[in-house]
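Q: Pasting in a structure now, in structure tokens, and then I'll have a few things to ask.
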Amino acid sequence: STMRGRKAADPPHSSTDLSEGKEKLRLKQEVGLISGVSLIAGTMIGSGIFMSPEWVLHHMGNPASSLLIWAACGLLAMFGALSYAELGTIIKESGGEYIYILRIFGSFPAFIFAYTSVILVRPAGLAAVCLSFAEYAIAPFYPGCSSPQVAVKCTAAACILILTIINCLNVRLATSVMNIFTAAKLLALLVIVVGGLVLLAKGQTQSFQNGFQGTTAGIGAVGVAFYQGLWSYDGWNNLNYVTEELKKPEVTLPRALMIAIPLVTCLYLLVNMSYLAAMTPSELLSSGAVAVTWGDRVLGSWAWLISLSVALSTFGSSNGTFFSGGRVCYIAAREGHMPDILSMAHVRCLTPSPALLFTSAMSLIMIISGSFTSIVNFFSFMAWLFYGITISGLLYLKIKKPELPRSYKVPIIIPIIVLMAAVYLVLAPIIDQPQIEILYIILFIFSGIIFYIPLVRFKYHPRFLQRVTLHLQLLLEVAPTIRDAN
């Protein structure tokens, strides 16, 4: 059937041996500790740290409170990741929030998450990061003026196509790209950090005097400041999307999180301090791209390195987003919540190429139309809505099913804090500054009911979709896979 449920008889530990003529495939376990750290850090460090600091400062009103927001965002990301680590050792399947919601709350809420994430959230996020990459990549060719939108969109589209080829060919190739670009972006951030420390050592601390003067107190403004900061931390949960591809996931998952997120948090705080050492708060607020302004002030004729660094950073981040985002589509299809073709893997490359191609196509549509800006602005609203649902599922398991085997346990106070933060982040902007776009997003989420009832609940399978699936399977050289729940 085109839309199918999982068969309980699927052996979770079956191995794949194509030479023996077996029809079932599974994805390779290629992601080790270093690649895991690179996937998390490489996805988190995108364009955010080069663009968001001025907006956090704008909403908080002064440098000291903005630094507190950055630290609080890092702590919240760490708490969320530790909570997800326990979920990942209980439910050892790929798919992140989708698979956790499915196993804990059932089919309908999991379908709504998959529908929203696969069609809207993940492709929009990927399109936004690729457009950021394009802006910085072609900026040197248009000095002193803004780049033509046609050139930006064509470059972004080329970026997505290159990522599609890399991720469809080989998992190891994709993780190697992540490792290389993560090293490059960490080096770029270290240049900014060292430059800032030199400035501070020379006594340029005027931005930190009377640091808390003029702090904003409104709950809505603080919530929006958190949104801006958390956009830069987004990606802390990406390793949970590829659990089945981890080597020793019960060990690798918690360790990678405990290395990557504190590392990124410390870098973000030091980079923000470096920005404030080179510029006054008012100069930082008036800067269109704070990292470029910093480069002009500190590096002089070498300022072009910053544009190059941001381009490298955003390309690496988009690769991580693409790598994990394609897995959500693949896992949802494997569980019967998306067309069956999306659950298949290439017979030789052993990558979920149909799911990756679908994610790529949706992202290209958003880049061409250019109508996704308001969706991206409310990305954090949608993300934290589902994070909150997922964390409440962990609390349910800790209270109602403590006997479930798990190799890692997080203290119960940590998921409680994350859940409270999620509720605040979802409700604060609605209560303080309600906007019509949020209503549109909620309506889109619930429009999934129209597809769920006939296709999943009543298992209506249009005959033409079965023929399309067969032809695509032959064209793409793909075959069904099995779940590898360790």
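Q: Label points 7 Å out from Cα along the Cβ direction at V150 and S407: separation in nm?
A: The two pseudo-label positions are separated by 5.5 nm.
Q: On a 0 to 90 degree scale, rounded to 10, what angle separates helix 219-233 from the longest Cα axis of the chain?
A: It works out to around 70 degrees.
Q: Using the heavy atoms of the protein chains alone and a 1.4 angstrom probe, what is the accessible area of the stretch 33-477 per residue in square angstrom?
A: 40 Å²
Q: Roughly how many whole Å is it from the C-alpha centroid of the stretch 35-74 to that of the stretch 383-456?
A: If we compute the Cα centre of each part, the gap is 22 Å.
Q: If you line up the Cα atoms of the stretch 217-308 on their principal axes, what length do they span on each, largest first, in Å?
A: Principal extents (Cα only, largest first): 47, 40, 18 Å.
Q: In terms of solvent-accessible area of protein heavy atoms at a 1.4 angstrom probe, what is the ranking of R406, R334, highest value first?
A: Reading off the accessible areas and sorting them downward yields R406, R334.
Q: Shape of the stretch 263-311 from its Cα gyration tensor (a ≥ b ≥ c, root eigenvalues): rounded if a/c is under 1.5, otherwise prolate when a/b > b/c, or oblate?
A: oblate
Q: I've got another one for you. For the stretch 33-477, what is the charge dipole size about the Cα centre, in debye to the nearest 20, if Lys and Arg each add +1 at the Cβ and Asp and Glu each add -1 at the Cβ?
A: On the way: 23 positive and 17 negative charges, 208 e Å.
That gives the stretch 33-477 a dipole magnitude of about 1000 debye.
Q: Please turn the phi angles of the stretch 383-399 into ³J(HN,Hα) values with the Karplus equation 6.51 cos²θ - 1.76 cosθ + 1.60 (θ = phi - 60°), one per residue in order, whole Hz, x for glycine and proline.
A: These are the phi-based 3J(HN,Hα) values: 4, 6, 4, 6, 4, x, 4, 5, 5, 5, x, 4, 4, 4, 5, 5, 8 Hz.
Q: At 1.4 Å probe size, with no ligands or nucleic acids counted, give the accessible surface of D296 in Å², nearest ten.
A: Taking all protein chains as shown, D296 has close to 100 Å².
Q: Please check the chain for the longest run free of GluC sites (Glu not before Pro) that are loop-located per DSSP (anything but H, G, I, E, B) and have at most 14 other Cβ atoms within 10 Å.
A: The reported range is 24-402.
Q: In degrees between 0 and 90, to the nearest 10, how far off the longest principal axis of the chain does helix 122-138 point, with axes built from Cα atoms?
A: 40 degrees
Q: How large, in percent, is the carbon and sulfur part of the accessible surface of the chain at a probe radius of 1.4 Å?
A: 68 percent
Q: Past 18 Å, Cα to Cα, is the threshold; run K247/K400; K92/K247; K92/K401; K185/K248; K92/K459 against it and keep the listed order.
A: Going by Cα-Cα distance, K247/K400; K185/K248; K92/K459 fall outside the 18 Å limit.
Q: Shape call for the stretch 60-162 from the C-alpha gyration tensor, a ≥ b ≥ c root eigenvalues: rounded (a/c under 1.5), prolate (a/b greater than b/c) or oblate?
A: Details: a/c = 3.03, a/b = 1.46, b/c = 2.07.
Because a/c hits 1.5 or more and a/b fails to exceed b/c, the stretch 60-162 counts as oblate.
Q: How large is the translational diffusion coefficient of the chain in µm² per second when you combine the Kirkwood radius over alpha carbon pairs with Stokes-Einstein at 37 °C and 0.692 mPa s?
A: 142 µm²/s
Q: So what J values fall out for the stretch 348-365 if you push phi through Karplus, 6.51 cos²θ - 1.76 cosθ + 1.60 with θ = phi - 60°, rounded to Hz, Gly and Pro as x?
A: 9, 6, 6, 10, x, 4, x, 5, 5, 5, 5, 4, 4, 4, 5, 5, 5, 4
Q: Still on this structure, please answer the following. State whether the stretch 133-214 is rounded, prolate or oblate according to the following rule on the C-alpha gyration tensor (a ≥ b ≥ c being the square roots of its eigenvalues): a/c under 1.5 gives rounded; otherwise a/b larger than b/c gives prolate, and the remaining case gives oblate.
A: Verdict is oblate for the stretch 133-214.
Q: Wrap a convex hull around the Cα atoms of the stretch 155-275, take a quarter of its surface area, and give that in square nanometres.
A: 11.1 nm²
Q: At 222 nm, what helix-only mean residue ellipticity would the chain give, in deg cm²/dmol to the nearest 500, using -39500 (n - 2.57) for each DSSP H run of four or more? Working shown, then result.
A: Numbers: 21 runs with 323 residues, N = 486.
Helices in the chain give a 222 nm mean residue ellipticity of -22000 deg cm²/dmol.
Q: To the nearest 10 square angstrom, what accessible area does M420 show with a 1.4 Å probe?
A: Here the residue's solvent-accessible area equals roughly 130 Å².
Q: Would you mind checking which residues have amide H under 5 Å from A345's amide H? H placed 1.01 Å from N; only 5 or more apart, or other chain.
A: Close amide H contacts, sequence-distant or interchain: A479, T481.
Q: Something else now. For the stretch 339-486, compute the orientation-averaged projected area of the C-alpha convex hull (one quarter of its surface), in nm². Can you show the working numbers first?
A: Working: hull surface 52.5 nm².
The number I arrive at for the stretch 339-486 is 13.1 nm².
Q: Give me the accessible area of W304, 1.4 Å probe, in Å² rounded to the nearest 10.
A: Estimated to the nearest 10 Å², W304 gives 140 Å².
Q: The stretch 51-95: percent of C-alpha pairs farther apart than 14 Å? Present the calculation step by step, with values, prior to reporting the outcome.
A: Working: 599 of 990 pairs.
Tail fraction, whole percent: 61.
Q: Using the beta-carbon distance between Q466 and A158 and R0 = 30 Å, what value does 1/(1 + (r/R0)^6) give for FRET efficiency, to the nearest 0.05?
A: Efficiency for this residue pair is about 0.30.
The values are calculated or read from the model by the stated rules, or taken from the named source; none is laboratory data. These numbers were taken from a predicted model, which means no experiment stands behind them. All Cβ positions, glycine included, derive from the backbone under ideal geometry; neighbour counts span all protein chains shown. Calculation scope for accessible area: heavy atoms of the full protein, side chains included, ligands and nucleic acids excluded. Shrake-Rupley method; radii C 1.70, N 1.55, O 1.52, S 1.80 Å.
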